[in-house]
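Rule-based calculations on the coordinates, nothing more; no lab input. Since this is a predicted model, take the numbers as computed values, not measurements. FYI the Cβ positions are ideal-geometry reconstructions off the backbone, even for glycines, and counts take in every protein chain you see.
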Amino acid sequence: MRHARLRLAALGTASAVVTAAAWVGTTAAWATPVPDVPSSAPAGSPEPTQSPTGEESPTASPTTTAEPATALQDALTKSAEANTASGTMHFSSQGKIDARGTWARQNKPNLLTAKVNQLTLNGKANSAQPQIILNGETAYVNGDGLIPNQGNTWWQVPLNNLPGERGKMISDLLTSGRLQDPATIKEIAGAHKDVQNEGEEEVGGQTVTHYSSTLDTQEAADAAGLPAPTPTPTNWPKTLRVDTWVDSSGMVKRQQFRNSEGGQPFNLNLTVKEYDKPVTVQTPPAGQVKQVDPQTLKNLLGE
């Protein structure tokens, strides 16, 4: 049973990245649906994913002179307003799960995808490459062997009627359109507290400004119009530690989200490789698609 929960949690990694990618440049990691990973000491900070690249000049960065909270809010808002973004991710949780892969999003029309390319469960390499695709108000989920008896089938999941408290929140987050509203995005970005400018760093040969902050999960949920669950020691973190690296054009190039209190400790790195470049997402062939059954859907959502 414990191994089954771990496999579901690994599949939930892709779901977590999809949810966070919906707000890349803003603040979505507090909504990550990672099912039932047993609690222990927090995982250490993973090594950075692929270093960001770009052609921006490494000099005269406007983010280094602005007041830190304002500079971070401006960068998160500007980045989230880009119609497309894509990059790499690295997720780890307590030494039980380590997953690396890719993600991409598009605002209009709404497309999101995340795929795990390298997976380790309980310290052992696993060949599965789970993937989640969101197209409008429909999600397609393929566990690639993580879930017994799924085979090569893709589960089709209607996003407008997900069960449970977390499901309703995810439905609203991904289908309401509020994340494309600049005013809402700016309010959500304001949920970052105790913002500190940690100085300039060289990342992939590019000079970026490093900001650290604490994300108030309840305030972020309120700003997005979402009913966040009441924080508890075992279910929901009151805060997340966030590190954000911003390039000289004021765009987010990498974010790291860490949770060490409440819920299951995790560490998520998202690196942005490109903004406003075409994103191609192919939905699975109709012959490989099956409507998800209610119990499997609850398991995927960690309900």
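Taking 28 Å as the straight-line reach from the Cα of LYS273, the lysines in range (excluding those fewer than 8 positions away in the same chain) are LYS78, LYS96, LYS108, LYS115, LYS186, LYS193, LYS253. Site pair THR138 and THR283 shows an inter-label distance of 0.3 nm when each label is modelled 7 Å from Cα along Cα→Cβ. For segment 98-203, GluC sites (Glu not before Pro) are listed when DSSP marks them as loop and at most 16 other Cβ atoms sit within 10 Å of their Cβ; the list is GLU137.
Computed from the Cβ-Cβ distance with R0 of 45 Å, the FRET efficiency linking ASN122 to ASP181 stands at 0.60.
Could you work out the local net charge near ASN161, counting Lys and Arg as +1, Asp and Glu as -1, over the other residues with Cβ closer than 10 Å to its Cβ? Surrounding charge for ASN161 is 0.
Under the classification rounded if a/c is under 1.5, otherwise prolate if a/b is larger than b/c and oblate if not, where does segment 78-232 fall, given a ≥ b ≥ c as square roots of the Cα gyration tensor eigenvalues? Spell out each step's value before the answer.
Values: a/c = 1.62, a/b = 1.19, b/c = 1.37.
It comes out oblate by the Cα gyration axes.
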